[in-house]
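The structure appears right after this line, and notes come after that.
The values are calculated or read from the model by the stated rules, or taken from the named source; none is laboratory data. All values derive from a computational prediction rather than experimental measurement. Note: ideal-geometry Cβ built from the backbone for every residue, glycine included; neighbour counts use all protein chains shown. These area figures cover heavy atoms from the full protein model, side chains too; ligands, DNA and RNA do not enter into them. Shrake-Rupley method; radii C 1.70, N 1.55, O 1.52, S 1.80 Å.
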Amino acid sequence: MKFTLSWLKDHLDTTASLEEITSKLTMIGLEVEDVYNPAEALSIFRVAKILEAEKHPDADKLKLCKVEAQIDGELKVLQVVCGAPNARTGLLGVFAPPGATIPSNGMVLKPTKIRGIESNGMMCSESELELSEDHDGIIEIAEGVAVGTPAVDALNLNDPVIEIAITPNRPDCLGVYGVARDLAAAGLGTLKTPSQPSIQDGFESSIKIELDFSGEETVICPHFSGRLIKGVKNGASPAWMQSRLRAIGLRPINTLVDITNYVTFDRGRPLHVYDAAKLSGNIVARMGKGETFEALDGKEYKAENSMCVIADSANVLGFGGVMGGQASGSTEETTDVFVESAYFDPYKTAATGRKTGINSDARFRFERGIDPASVEEGCDIGTALILELCGGQASTREVAGELAWQPLTISFDPQRVTRLTGVALGNSEITTILTNLGFGVTPEGNRLSVAVPSWRPDVFGEADLVEEVVRIHGLHEVVSTPLKKNHAVADPVLNIGQQRQRNAKRVLAARGMLEAVSWSFVSKAEADLFGGGQPELALANPISVEMSDMRPSLLPGLIAATGRNISRGYGDVAVFEAGQTYQGEKPEEQRRMASGLRQGTNRPFATGRHWQGAAGKVDVFDVKADVEAVLATLGVSTANLQCVAEAPAWYHPGRSGVLRMGPKNIIAYFGEVHPRVLDQMDVAGPIVAFEIFLDAIPKPKAKATKNKPAMDSTDLQPVQRDFAFIVGKSVSADKLLQAAKRSDSKLISGVSLFDVFEGGSLGDDEKSLAIEVTLQPRAKTLTDEELEAVSSKIVAAVTKVTGGTLRG
């Protein structure tokens with residue numbers, strides 16, 4: 001948001017300096033981003049007079065001028081070669097002496113020869129000083145200005161430009177008047193309340209306004225006003241208006257268009273004018289029907305049925321609240337205009353702007369929420385300026401719909417200011433601040449009844465009022481006070497869910513994985529791929545179409561990050577994330593997850609024998625090991641978990657699994673990501689991944705004592721025995737391992753698979769699974785008879801559970 005100092009003082013009666021104003025703006029939350037003072041940037045440029053202008057002897061389009069200019073405080077006559085067509089004897093212009101830097105191109109002037117003739121300095125055009133795009137001739141200063149006068153004074157440019165950052169919740173400060181109101185409330189002057197324009201009732205408008213919406217669509221444009229003005233004379237706008245528009249970066253076009261831009265920045269009230277001669281019938285606000293039209297930016301757009309448009313009986317005239325159309329725009333030949341002042345829904349305006357890619361000053365304001373009560377007032381302000389600057393006769397005001405604002409009154413306890421901020425303020429000071437900000441304040445016993453003004457859509461409750469009071473009083477008055485410590489240092493401060501999430505992160509990082517933090521939002525297509533996409537999880541106002549839904553899984557973000565790494569030449573990826581996922585809008589449908597993936601050859605470090613032999617590319621067993629490592633750290637015995645091949649659709653059906661505790665309590669998914677998913681996300685595979693449901697892990701039982709149990713250790717040597725079983729191909733290895741381990745859980749400390757064999761003398765539907773069983777005696781060394789007895793138990797248990805036989 002930009003404005004000049006003089007523009008601000010149109011609405012604020014103050015004697016404060018520029019430095020005081022910019023400091024106060026930042027202190028009240030309107031952060032100053034830049035201050036540009038033309039008087040400093042153009043200080044070297046001064047008024048000079050062409051005493052003689054003769055044709056250059058060796059160039060038809062150049063002139064040899066004798067210029068009277070002030071150099072080092074003295075008037076001197078210099079020879080200047082000039083190519084401007086309007087250079088003539090007696091002309092007063094702006095002179096750049098040798099040593100000056102031209103703003104438009106950064107060129108430093110020095111005496112030089114042009115076509116053999118020495119030239120000292122330059123007579124400047126508006127484009128060279130970056131005052132406008134006019135480069136057809138040099139600047140002409142009105143007669144009577146003394147030679148040597150600073151150019152900024154002669155051109156009325158001695159007006160600093162202030163640029164402030166406006167947070168999305170403060171649309172009321174997207175107009176100079178709103179900024180002045182905040183400064184006045186902060187004690188930096190008195191707000192000048194503008195008088196309401198009085199427009200004499202004229203003829204009845206031949207152009208009516210219609211709102212063609214039904215059902216829930218009525219909120220899209222609930223209030224629309226306009227007025228027909230006949231007999232206007234359009235042309236260049238006044239110098240003061242052009243100067244202000246140029247100062248904030250806008251190009252003056254013509255009086256009618258400049259008025260709408262001026263009111264947009266002056267009052268934060270976007271307007272639009274139509275050339276009435278180019279309209280067919282009435283003006284209608286409705287939804288698009290697939291029509292195309294050329295907008296004011298010269299591009300063609302399609303009006304989809306989700307977009308609000310303004311149309312007449314023949315054509316679409318523009319997108320409501322975003323941008324008008326080229327065909328109905330005003331020109332210097334325009335004599336009759338129709339002024340539009342309407343309220344458009346912020347959400348629908350933002351959605352239309354994002355879909356079309358149009359960024360305009362109108363969209364910027366409407367999508368943040370302009371004052372809904374300014375519709376008819378804005379029409380009158382625009383009409384008054386048009387009548388003043390362009391003449392003409394105005395019709396009666398046409399209005400469709402009604403005010404889209406419900407008054408809000410808050411019962412406010414003034415003591416909340418002290419309780420929430422520690423700043424002690426009296427009721428009178430609180431009342432004064434709120435009143436100066438435009439709130440209506442009425443005492444009600446020990447409380448205040450506060451009426452929220454229509455231009456403050458960000459104020460809903462007492463906390464908002466506290467923020468307003470302290471912001472204006474001074475946030476520097478809020479003293480930093482440490483919170484009281486209500487627990488001993490040794491007491492835990494993390495709940496069980498937070499502890500699990502922290503411990504899971506540590507384990508995965510120790511296993512060589514890097515932590516990632518991704519958005520909680522994904523596209524609708526990605527949400528559908530991972531079991532989401534429910535309507536209640538779609539965002540009402542998404543950042544972009546790629547972030548339209550709450551994520552049902554952490555994997556979309558991790559897979560996308562992996563794809564970005566692969567595209568940059570890093571193909572061995574191992575990343576994880578711990579965070580929230582969403583299955584619905586209810587609190588219990590929000591889940592705490594720890595998920596990760598591996599790609600390429602980024603495998604966790606492994607020791608001992610492995611049934612696959614040498615380590616290669618990552619596979620499903622690598623992520624299964626990641627899951628088991630996390631669960632072991634979280635106190636879950638993997639021996640008590642069932643492993644079944646029932647993973648969801650985003651996993652490969654033959655290379656994935658589910659760890660569950662009982663028939664319904666799913667603890668984790670793991671496996672290879674389905675190639676179909678990777679193809680749709682345009683990421684090269686294969687990728688193996690896992691998802692751990694941290695909240696599904698049962699809470700540990702309360703300990704009866706804080707004393708640690710004695711360490712369970714022995715000095716006896718463990719014994720390893722190998723077994724090979726012939727089982728059916730459909731039998732899972734996990735089923736066999738669990739059967740072997742449960743055959744004597746006290747003596748068997750570990751069981752692992754080290755070989756899988758198919759073919760040879762085995763049948764087509766058979767395979768051989770070889771396992772290593774570790775026996776850990778506690779009391780004494782095992783005898784041969786005891787070892788044989790344990791082996792028999794293992795064989796019997798495996799045979800009973802799997803139907804397999806010991807391989808000879």
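Observations on the structure shown:
- For the stretch 412-426, filtered to residues that are under 34 Å from the mean Cα position of the chain (by Cα) and touching a residue at least 40 places away in the same chain (Cβ under 8 Å), the residue that is surrounded by the most Cβ atoms within 10 Å (Cβ to Cβ) is 417.
- Pair list, Cβ < 6 Å and 6+ apart or interchain, from the stretch 519-538 residues that are at positive phi to residues that are open to solvent by less than 70 Å² (accessible area, probe 1.4 Å) and at pLDDT 90 or above: 531/552; 533/527
- Scanning the stretch 211-229 for residues that are more than 19 Å from residue 403 (Cβ to Cβ), in contact (Cβ under 8 Å) with a residue 40 or more places away in the chain and surrounded by fewer than 18 Cβ atoms within 10 Å (Cβ to Cβ) yields a single hit, 212.
- Those residues of the stretch 295-316 which are open to solvent by 10 Å² or more (accessible area, probe 1.4 Å), outside any loop (DSSP other than H, G, I, E, B) and touching a Phe, Trp or Tyr at 6+ places or on another chain (Cβ under 8 Å), in sequence order: 300, 301, 316
- Residue among 208, 233 that alone is surrounded by fewer than 15 Cβ atoms within 10 Å (Cβ to Cβ) and in contact with a Cys (Cβ under 8 Å, 6 or more places away or on another chain): 233
- Residues (among the basic types (Lys, Arg) and more than 14 Å from residue 728 (Cα to Cα)) located in the stretch 743-776: 746
- Exactly one residue among 250, 256 is outside any strand (DSSP E or B) and either at pLDDT below 95 or within 28 Å of residue 35 (Cα to Cα) (or both), and that residue is 250.
- Across the stretch 49-76, the qualifying residues are those that are small (Gly, Ala, Ser) and surrounded by 15 or more Cβ atoms within 10 Å (Cβ to Cβ), and the one among them that is nearest to residue 95 (Cα to Cα) is 69.
- The stretch 536-574, residues that are among the β-branched types (Val, Ile, Thr) and open to solvent by 20 Å² or more (accessible area, probe 1.4 Å): 543, 545, 566
- Sole exception among (1) open to solvent by 20 Å² or more (accessible area, probe 1.4 Å); (2) more than 15 Å from residue 321 (Cα to Cα); (3) of a type outside the set (Gly, Ala, Ser); (4) touching a residue at least 24 places away in the same chain (Cβ under 8 Å) for residue 255, by number: (1)
- Selection count, the stretch 399-411, where residues are in contact with a strand residue (DSSP E or B) (Cβ under 7 Å, 6 or more places away or on another chain) and loosely packed, with under 13 Cβ neighbours inside 10 Å: 4
- The one condition from (1) within 23 Å of residue 638 (Cβ to Cβ); (2) modelled with pLDDT under 90; (3) out of contact with any Leu (no Cβ under 6 Å at 6 or more places or on another chain) that residue 764 does not meet is (1).
- Filtered by the rule that a residue be of a type in the set (Val, Ile, Thr) and in contact with a helix residue (DSSP H, G or I) (Cβ under 9 Å, 6 or more places away or on another chain), the stretch 782-794 gives a lone residue, 794.
- Considering the stretch 678-693, and only residues there that are open to solvent by less than 20 Å² (accessible area, probe 1.4 Å) and aliphatic (A, V, I, L, M), the residue that is farthest from residue 568 (Cα to Cα) turns out to be 692.
- Annotation: residue 675 fulfils all but one of (1) over 17 Å from residue 620 (Cβ atoms); (2) at pLDDT 90 or above; (3) open to solvent by 50 Å² or more (accessible area, probe 1.4 Å); the unmet one is (1).
- Condition check for residue 370: assigned to a loop (DSSP other than H, G, I, E, B), within 27 Å of residue 228 (Cα to Cα) and not polar (S, T, N, Q): yes
- Exclusive hit being touching a strand residue (DSSP E or B) at 6+ places or on another chain (Cβ under 8 Å) and at pLDDT below 90, set 58, 72: 58
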